[in-house]
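Notes to accompany the following structure.
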Amino acid sequence: MFWKRQPKSAHSASRIFSVPAGRRVYAIGDIHGRDDLFALLIERIEQDSAARGPMPTTLILLGDLVDRGPESAAVVERARQQEGRWDEFHWITGNHEEAFLLALSGDLEALKFFSRYGGEETILSYGLDQDALRRMDWGELAAILPTLVPPEHHAFLNDGKPWVRLGDYLFVHAGIRPGVEIENQKLSDLRWIRQPFLDDTRDHGVYVVHGHTITKEPEHRGNRLGIDTGAYASNRLTAVGLEGDQIWFCTAESIA
């Protein structure tokens, strides 16, 4: 496992983007149940920030904490523990948290969807035996699922933000609907959008940092930065660091 930094300026052909003066910001991409990488990346971020000198520091998680990887419950707990450890901490609700919360509410169709797209691993991480899971019908699973998730986890999952803005940067899970004011964005776009956002080259008025769409390396475009490097499958979790108009990356990796 290792960590790397790549300093550069964040800019487009016509603009230079920056976070508020006197603040350092780190944002972590989609974790998807990889608590091993999450723990390592938090450690690396702390080391990186210490090496850069004292500065009020913000940590942002871009969502999709759960599903696919084997340790979603541990990821949620570690995410909860970040509250109070940083000068400012935010986490943004991803589409997988949206599906998880709907499944927890007893919505059978949402539970089926959730289970098909990595939710089974999340359910197992909360202590349900795999053989027991296989024996259950959907109604039985819907009834037991809320009893598996601790109330403090449920409360935390309900407390995610739709977006966070700091200076010229907008942090979201999936992206934004181009041409729509931030305050008028639909949650469905913020959590699920792909090509209409990814293919749009216009100046959004902010520099958008997002996850949701996997790329092998951070995808640094003139109007956006994608930092979902597919941790659950690639064994690689990425964070971006920001200070003034500078940008760098911290990466935790595993051979396993």
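The values are calculated or read from the model by the stated rules, or taken from the named source; none is laboratory data. Quantities reported herein were computed from a predicted structural model and do not represent experimental measurements. Note that we place each Cβ from the backbone using ideal geometry, even for glycine, and neighbour counts take in every protein chain shown.
In region 202-256, counting only strands (runs of 3 or more DSSP E) that sit wholly within it, none holds 3 or more residues that are more than 17 Å from LEU37 (Cα to Cα) and of a type in the set (D, E, K, R). The residue that is farthest from the chain's Cα centre (by Cα), among those in region 56-70 that are surrounded by fewer than 24 Cβ atoms within 10 Å (Cβ to Cβ) and over 22 Å from PHE249 (Cα atoms), is PRO70. Note on region 119-131: among residues that are exposed (fewer than 15 other Cβ atoms within 10 Å of the Cβ) and either of a type in the set (Val, Ile, Thr) or in contact with a helix residue (DSSP H, G or I) (Cβ under 9 Å, 6 or more places away or on another chain) (or both), the one that is nearest to HIS173 (Cα to Cα) is GLY127. Determine whether region 143-164 contains at least one residue that is over 17 Å from the mean Cα position of the chain (by Cα), in contact (Cβ under 8 Å) with a residue 12 or more places away in the chain and more than 30 Å from TYR126 (Cβ to Cβ). So far as region 143-164 goes, no, none of its residues is over 17 Å from the mean Cα position of the chain (by Cα), in contact (Cβ under 8 Å) with a residue 12 or more places away in the chain and more than 30 Å from TYR126 (Cβ to Cβ).
Quick check on ARG85: is it under 27 Å from GLN246 (Cβ atoms), modelled with pLDDT of 95 or more and not aromatic (Phe, Trp, Tyr)? Judged against the criteria, ARG85 is a match. Take the residues in region 1-25 that are at pLDDT 95 or above and under 27 Å from THR201 (Cβ atoms); name whichever of them is surrounded by the fewest Cβ atoms within 10 Å (Cβ to Cβ). In this case the residue turns out to be PRO20. Taking first residues from region 87-104 that are in a helix (DSSP H, G or I) and partners that are buried (at least 20 other Cβ atoms within 10 Å of the Cβ) and charged (D, E, K, R), the Cβ contacts under 6 Å between residues at least 6 apart in sequence or on separate chains come to ASN95/ARG191; HIS96/ASP64; HIS96/ASP67; GLU98/ARG191. Evaluating HIS173 against the criteria (1) in contact (Cβ under 8 Å) with a residue 40 or more places away in the chain; (2) surrounded by fewer than 21 Cβ atoms within 10 Å (Cβ to Cβ); (3) in a loop (DSSP other than H, G, I, E, B) leaves one unmet condition, (2). Within region 83-118, the set of residues being small (Gly, Ala, Ser), under 16 Å from the mean Cα position of the chain (by Cα) and surrounded by 23 or more Cβ atoms within 10 Å (Cβ to Cβ) comprises GLY94, ALA99.
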